[in-house]
Amino acid sequence: MGTDWLESLSAEFAEAWPHETLGASILQNHGEVPDLRGVSIALIGVPEQRAGAHDVADSVRRALYPLFWGPWDLKIADLGNLIPGRDRVDTIVAVEELAFEVLQFGCIPVFLGANSDWPLGVYRAFGRMERTINACFVNNRISLGDDHVLPDRSNLLAQMLTMKPFRLFHVSHLAHQSYFVAQSVLDLAQKMHLEIHRVGEMQPIQRSEPWIRNADLVVAHNSAVRAADAPAQHESNPNGLTGESFCAVLRYAGFSDKLNALCLTDFVAGRDLDGQNAHLWAQGLWYFIDGAAGRVGDFPFRSKAEYLRFTVLLPDEEGEIVFYKSPWSQRWWMEVANHPGMDARHSLVPCSADDYQTAQNGEIPAIWWTVVRRGI
């Protein structure tokens, strides 16, 4: 792949890392970008909008490389750091180019950085591939601000939703905190048929797995985690996801056979005085890799005929709901009717065993109503 957008890693990462550590196992860019053929995950640092500012990705690398390699049969490459453009718009273009190139190899690009505008470039890369995708945002606020100004942490979601050509089929938004979100924004999200779940709904954390499994792109904001565990935030906040929950979210993302790209964003390096936030991201990445290494080739890679099929009749002759269960991962999906513009990747909606049990008890699961309100 091209190297015009990348700066190689500094010499400190070329040291002889102890046996079995990630530092000893990850393919690294030290003047030559690793060949991505056969590589499952590619790490890319996104600096702040000033030359030489690689504090975020490099600090995460210092915490990531000493961690021990798991029982994984996959390859990981570290492509180094993005060379920042002349302005924020140029940087978004560079992210788009890199994401597009990495995705062409069937490799998952994992971007790590400050600020919140550059994930727009990853979304645009899917547009260039003419792919309609689902996206999952993990953030303590819902970024539906004014989309007529430059993208930032207040309007990133609005920018993606309004950018042409429209490539977002569905959006799930997790971990918002109600006192940070105006009722008008919640009303707008409902009107746009976004699936939103506040942080309290994610407990126990296992409840969030189907919501994450449905995403091709996950954008996780540092501010979704409480400041005690993730101090490198714009504003200190006592509430949010715990560090353990953040790691679980990333593991669910990695384990999803549908996920193609991950963005970890909004890291304010100057506020991570003891490196705690860097360690959290490093450990979250470890769990993401662990999830990706454990993929079993579930939907959309297997035919529905290979799954266990369960049909539940709805009360009062309201029809039926068809559920599918994977015999490999024990995960559940619910079938939805096709409609114009919907491809096979969106024909099964992730759900849980509890949703199936709810239907068995004669009640319509909440996820069913979510699907119906989207007009499917």
Query - Only one of G106, G85 that is surrounded by fewer than 18 Cβ atoms within 10 Å (Cβ to Cβ), more than 19 Å from A278 (Cα to Cα), touching a Ser or Thr at 6+ places or on another chain (Cβ under 6 Å) and in the same structural domain as L150 (by TED's automatic domain parsing) - result: G85
Query raised in the report: Quick one: how many residues across the stretch 15-32 are more than 12 Å from G80 (Cα to Cα) and in contact with a strand residue (DSSP E or B) (Cβ under 8 Å, 6 or more places away or on another chain)?
Result: 4
Query raised in the report: Among (1) over 23 Å from S10 (Cα atoms); (2) at pLDDT 95 or above, which single condition is Q159 missing?
Result: (2)
Requested in this report: Restrict the check to the stretch 33-41 and report whether at least one residue is of a type outside the set (G, A, S), within 18 Å of H221 (Cα to Cα), touching a Gly at 6+ places or on another chain (Cβ under 9 Å) and at pLDDT 95 or above.
Outcome: no
Report task. Specify which of the listed residues (S256, S223, S154) is at pLDDT 95 or above, within 25 Å of N115 (Cβ to Cβ) and polar (S, T, N, Q). Result -> S223
Report summary line: Scanning the stretch 125-135 residue by residue, those out of contact with any Ser or Thr (no Cβ under 9 Å at 6 or more places or on another chain) and crowded, with 20+ Cβ neighbours inside 10 Å turn out to be A125, I133
Query raised in the report: Taking the stated definitions as given, is R62 loosely packed, with under 15 Cβ neighbours inside 10 Å and either assigned by TED's automatic domain parsing to the domain that holds L22 or part of a helix (DSSP H, G or I) (or both)?
Result: no
Query raised in the report: Do we find a residue being in contact with a strand residue (DSSP E or B) (Cβ under 8 Å, 6 or more places away or on another chain), of a type in the set (G, A, S) and surrounded by fewer than 18 Cβ atoms within 10 Å (Cβ to Cβ) anywhere in the stretch 178-193?
Result: yes
Query raised in the report: What's the number of the condition D87 fails, among (1) modelled with pLDDT of 95 or more; (2) within 22 Å of E48 (Cα to Cα)?
Result: (1)
Query raised in the report: Any residue at all in the stretch 127-145 that is among the aromatic types (F, W, Y), in contact (Cβ under 8 Å) with a residue 60 or more places away in the chain and either in the same structural domain as V93 (by TED's automatic domain parsing) or more than 23 Å from L98 (Cβ to Cβ) (or both)?
Result: yes
Query raised in the report: When you go through (1) within 15 Å of the chain's Cα centre (by Cα); (2) assigned to a loop (DSSP other than H, G, I, E, B) one by one for F126, which number turns out not to apply?
Result: (2)
Report task. Answer yes if at least one residue in the stretch 249-258 is of a type in the set (S, T, Y) and over 30 Å from F100 (Cβ atoms), and no otherwise. Result -> no
Report task. Within the stretch 65-89, track down each residue that is among the charged types (D, E, K, R) and outside any strand (DSSP E or B). Result -> D73, K75, R86, D87, R88
Report summary line: The lone condition A99 fails out of (1) under 24 Å from A293 (Cα atoms); (2) surrounded by 19 or more Cβ atoms within 10 Å (Cβ to Cβ); (3) in contact with a Leu (Cβ under 9 Å, 6 or more places away or on another chain) is (3)
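The values are calculated or read from the model by the stated rules, or taken from the named source; none is laboratory data. Only a predicted model underlies this, so the values are computations on that prediction, with no experimental measurement involved. Note that we place each Cβ from the backbone using ideal geometry, even for glycine, and neighbour counts take in every protein chain shown.
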